[in-house]
Amino acid sequence: MPKPSSDRVPGTSGSTWLDAPHSAWAVWHLDELAPTVPVAAGPGPARPLPTAEPPTSLEELALTRYDGSEGSVRDVLDGTDTDAFLVVHDGALVHEEYGHEGAKSGRHAVLSVTKSVVSCVVGVLAERGDLDLSAPVRTYVSELADGGYGDATVRNLLDMRSGVRFVEHYTDPDSDINQMDRRLVDVGLRAYLPTLVQERPHGGAFLYRSSETDVLGWVCEKASGVPMQTLMSEIIWQPMGAERDGYLSCDVTGMAIHDGGLAASPRDLARFGMMLVDGGGVPDPASGPDAVRTVVPSRWLRDSWGVDSDIRSAFAESPTELAYPGGWYRNQFWFRPSPNGHVMLCRGIHGQLIYVSRRTRTVCVKVSHWPMPVAIERTQDTLRMCDTIAGALGSRGRDADDADRGVPGIAAGTRRGGPSTRHPD
């Protein structure tokens, strides 16, 4: 893996941090560039990450790249500005590498991977009865009653199917996403989100909009009376057995940036993926050798993995179908077909990924500092790399649907432009 500089480049700031050459340092040091709040790991013991030898050298595995050329796992890692890459199979760490010395103990900005963590907070609040997913947003956030989001339901937000006008075009400085970035350091999210207007009926085709998650996070805070950093800590981070505190970046008012503000250690991202592989539960040795503690309700993950004609058609009608044919978006998670059955993806711009293969019980974590927010070839090469690794590690010859039905919990993000401290998708 190439060794990116671990030194701060002069001129690195909240408005340049995702630009090369600043990003190689900045993705590990966002808390030095923006206001943040901690997502505490708490006093409990961290979930162990035992290591195991893979049955084959993962780096040498061959794959066909997006452009049709032949390559290897090592080629993809070296060619995609990788900051860290971890692979967990069946609960054991089989590969771990970092782009520079000291990164193993660092916390990396994960941008829109944050959305999937917010999803799990929503799932717990809904299970507790604190959130009604069919309720309109105005039920919880009165400040949005007269705006475009007032009549959208919480479910519309989860699946990014509101009718609100919001263009997520990262390289256009006048697009809504970049206007929202500028408002973060000007008036804040609570002042900006009510200005968005509705342009079509709610509940239509999927369209990726980070504003949906910011509203969703606001709904969670209002429904619970607790800020997102505390919700994440108490509902997800501590129960899953995180080793290190994470942190969330904030807007000018101190509100967490729900759509992409999280920074976390790659090992804790792997633990999050392991919890998803295990249907929302984690081992609870204090209660017995085979005891499991529920972090995220299994029904929430079943609902996410489960796809019907409405969910599929909403995705198929969107431009994203071209990049992920046969996939879907549900509860702030991405899904796509793979040679090993459908896989769950937690994605962020500039190369952030948690790849979850339930069939093969494989989790891949890749954090990066791509110079561009969205890169089709890099994205597809990375996913093909993860497919190849999962296939090599997992059992073969089983029918994917049968395998999925046998696992509890299964039913058969972009670079920001503009002067801001933003860290989304």
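The values are calculated or read from the model by the stated rules, or taken from the named source; none is laboratory data. Treat the numbers as computed from the prediction; the structure is a model and nothing was measured. We place every Cβ from the backbone using ideal geometry, glycine too, and count neighbours over all the protein chains shown.
Taken over the range 276-290, the criterion of being at pLDDT 95 or above and part of a loop (DSSP other than H, G, I, E, B) is satisfied by ASP278, GLY279, GLY280.
Within the range 40-65, if we keep just the residues that are within 19 Å of LYS104 (Cβ to Cβ) and among the aliphatic types (A, V, I, L, M), the residue that is surrounded by the fewest Cβ atoms within 10 Å (Cβ to Cβ) turns out to be ALA52. Taken over the range 152-185, the criterion of being touching a Ser or Thr at 6+ places or on another chain (Cβ under 9 Å), over 19 Å from ALA314 (Cα atoms) and in a loop (DSSP other than H, G, I, E, B) is satisfied by HIS169, TYR170, VAL185. Being modelled with pLDDT of 50 or more and surrounded by 24 or more Cβ atoms within 10 Å (Cβ to Cβ) narrows it down to one of SER395, SER357, so name that one. The conditions single out SER357.
Let's see how each residue does on (1) assigned to a helix (DSSP H, G or I); (2) crowded, with 21+ Cβ neighbours inside 10 Å:
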residue: GLU212; (1), (2): yes, yes
residue: VAL226; (1), (2): no, no
residue: LEU231; (1), (2): yes, yes
residue: GLN238; (1), (2): yes, no
residue: ARG244; (1), (2): no, no
residue: LEU248; (1), (2): no, yes
residue: HIS258; (1), (2): no, yes
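Screening the range 164-202 for residues that are crowded, with 16+ Cβ neighbours inside 10 Å and among the acidic types (Asp, Glu) and picking the one that is nearest to ALA145 (Cα to Cα) gives ASP176.
Every test in (1) assigned to a loop (DSSP other than H, G, I, E, B); (2) among the acidic types (Asp, Glu); (3) within 25 Å of the chain's Cα centre (by Cα) is passed by ASP31 save one, and that test is (1). For the range 122-160, a residue qualifies if it is under 22 Å from the mean Cα position of the chain (by Cα) and under 10 Å from ALA223 (Cβ atoms), and the qualifying residues are VAL122, LEU125, ALA126, LEU131, VAL154. From ARG299, ARG359, ARG312, ARG293, grab the single residue that is out of contact with any Gly (no Cβ under 6 Å at 6 or more places or on another chain), farther than 22 Å from ASP78 by Cα, among the basic types (Lys, Arg) and not in a helix (DSSP H, G or I). Residue meeting the stated conditions: ARG293.
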